[in-house]
Amino acid sequence: MSFNEFGHLFRVTTWGESHGPALGATVDGCPPRVPLEPEMIQRWLDRRRPGQSRYTTQRQEPDRVEILSGVFEGQTTGTPIQLLINNMDQRSKDYSEIAEKFRPGHADITYWQKYGIRDYRGGGRSSARETAARVAAGGVAREVIGSLVPGASITGYMVRMGPHAIDRRRFDRSEIERNPFWTPDAVAADRWSDYLDGLRKAGNSTGAVIEIVGSGFPAGLGAPIYAKLDAELAAAMMSINAVKGVEIGDGMAASDLTGEDNADEISMGPDGPVFSSNHAGGILGGISTGQDIVVRFAVKPTSSILRPRGTITRSGDETVITTKGRHDPCVGIRAVPVGEAMMACVMLDHLLLCRGQIGEIGAGGIG
């Protein structure tokens with residue numbers, strides 16, 4: 001199976017399966033002399049770790065990351081960084097009943113159609129367990145970003161669970177870390193709790209919409225046509241398990257606007273151009289404007305549910321399937337730190353590309 005790598009200068013290759021002995025990432029292209037310790041990566045993995053509330057899978061994984069190479073005396077050396085995360089709580093027997101059946105809405109059937117073989121133990125590479133490796137790589141990217149662009153930040157949060165959206169008038173950034181849904185709306189968090197409890201007890205699941213915002217990044221990241229920043233961010237988010245749609249800025253809602261309404265008017269401020277609004281999500285013509293970079297993605301409901309659904313066996317016989325085991329009733333909850341990690345990897349990649357082509361980051365501009 002090919003295509004397990006992404007990035008241009010900052011390149012990440014993930015490996016491993018949900019129920020294998022371990023999984024991890026190889027990070028290549030990281031600049032040297034960046035301070036890096038396992039604890040710097042671990043804090044991001046701890047946010048994604050399963051089993052932290054009744055709203056996520058109860059699989060108990062410590063997700064302790066080990067750095068096997070590329071770091072010496074607490075600093076990156078510029079050589080490939082190998083990150084290892086051992087799997088500790090696999091229960092492969094939970095999947096024995098579906099070894100011959102395909103889960104509707106799951107990649108089971110397409111893996112079989114393409115490769116003629118599939119790892120039915122949790123889905124193998126198609127499992128959301130793979131995203132732990134991305135979060136580890138994103139932890140590395142965040143440390144490098146901090147050294148190149150001090151003050152830059154990446155923040156993710158849930159803005160919709162199923163049909164229930166947040167009220168942006170109640171947006172409170174400090175609330176994001178205080179509830180199990182990573183949402184900035186405390187009232188929505190309370191309502192979602194009851195909604196998800198009902199679905200969980202019924203053996204069902206729901207989808208979600210996640211928003212990721214990158215702040216403090218300079219103008220000039222990205223390139224026209226084939227390396228557009230928004231295109232690469234969209235591809236990165238679409239590569240996350242269960243993601244079915246991505247928006248930049250106003251996204252699909254921009255089609256409802258007139259040109260007059262959609263235009264982010266520009267004036268000259270003391271430190272450079274100032275925009276009156278941010279319908280574009282901080283990217284114009286594939287290049288960052290210096291405003292907040294806003295990406296939104298939709299996550300479908302978890303495919304593994306206790307509700308009986310019609311399917312077929314590997315031999316083509318029609319049957320019914322009920323998926324047992326430990327699953328997320330809303331996989332979108334743990335997609336928040338994954339989306340942040342993917343933005344971190346893409347933004348660092350483009351910071352390095354810009355530095356390679358232009359020289360000093362932010363060297364262009366109006367002056």
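The values are calculated or read from the model by the stated rules, or taken from the named source; none is laboratory data. Fair warning: this is a prediction, and the values are worked out from it, not measured in the lab. All Cβ positions, even for glycine, are placed from backbone atoms using ideal geometry, and neighbour counts span all protein chains on display. Ligands, DNA and RNA are stripped out before the accessible areas are found, and what is left, the full protein with its side chains, is counted by its heavy atoms. Shrake-Rupley method; radii C 1.70, N 1.55, O 1.52, S 1.80 Å.
Quick one: GLY259 ticks every box in (1) touching a residue at least 12 places away in the same chain (Cβ under 8 Å); (2) of a type outside the set (D, E, K, R); (3) more than 17 Å from VAL213 (Cβ to Cβ) bar one, so which box is it? Looking at each condition in turn, GLY259 falls short on (1). Within the set SER215, SER205, SER193, the sole residue that is more than 28 Å from ILE305 (Cα to Cα) and small (Gly, Ala, Ser) turns out to be SER215.
Consider segment 153-169 and keep the residues that are β-branched (Val, Ile, Thr) and assigned to a strand (DSSP E or B). The one that is nearest to GLY332 (Cα to Cα) is VAL159. The residue that is nearest to GLN113 (Cα to Cα), among those in segment 302-321 that are touching a residue at least 24 places away in the same chain (Cβ under 8 Å) and open to solvent by 50 Å² or more (accessible area, probe 1.4 Å), is ARG314. Taking first residues from segment 110-128 that are more than 30 Å from ARG49 (Cβ to Cβ) and open to solvent by 70 Å² or more (accessible area, probe 1.4 Å) and partners that are outside any loop (DSSP other than H, G, I, E, B) and of a type in the set (A, V, I, L, M), no Cβ contact under 6 Å between residues at least 6 apart in sequence or on separate chains turns up. In this structure, does ALA235 turn out to be open to solvent by 30 Å² or more (accessible area, probe 1.4 Å), closer than 20 Å to GLY285 by Cβ, of a type outside the set (Val, Ile, Thr) and within 17 Å of the chain's Cα centre (by Cα)? Yes, satisfied. For VAL144, the criteria (1) touching a helix residue (DSSP H, G or I) at 6+ places or on another chain (Cβ under 9 Å); (2) closer than 25 Å to GLY207 by Cα hold in every case but one, which is (2). Residues in segment 1-22 that are open to solvent by less than 40 Å² (accessible area, probe 1.4 Å) and modelled with pLDDT under 95: GLY16, SER18, HIS19, GLY20, ALA22. For segment 165-178, the condition holds for no residue, the condition being that it is among the small types (Gly, Ala, Ser), buried (at least 19 other Cβ atoms within 10 Å of the Cβ) and either in contact (Cβ under 8 Å) with a residue 24 or more places away in the chain or under 18 Å from SER215 (Cα atoms) (or both). The residues on offer are TYR120, TYR111, and the sole one that is among the aromatic types (Phe, Trp, Tyr) and not in a helix (DSSP H, G or I) is TYR120. Note on segment 105-139: residues that are among the aliphatic types (A, V, I, L, M), closer than 22 Å to ILE305 by Cβ and modelled with pLDDT of 90 or more amount to 1.
Restrict the check to segment 338-359 and report whether at least one residue is farther than 30 Å from CYS30 by Cα, at pLDDT below 95, open to solvent by 10 Å² or more (accessible area, probe 1.4 Å) and in contact with a Gly (Cβ under 7 Å, 6 or more places away or on another chain). There is no residue in segment 338-359 that is farther than 30 Å from CYS30 by Cα, at pLDDT below 95, open to solvent by 10 Å² or more (accessible area, probe 1.4 Å) and in contact with a Gly (Cβ under 7 Å, 6 or more places away or on another chain).
Contact annotation: residue pairs with Cβ atoms under 7 Å, 6 or more positions apart or on different chains, pairing a residue in segment 205-216 that is at pLDDT below 95 with a partner that is polar (S, T, N, Q), are SER205/THR302. The condition of being at pLDDT 95 or above and surrounded by 20 or more Cβ atoms within 10 Å (Cβ to Cβ) holds for only one of LEU257, LEU221, that being LEU221.
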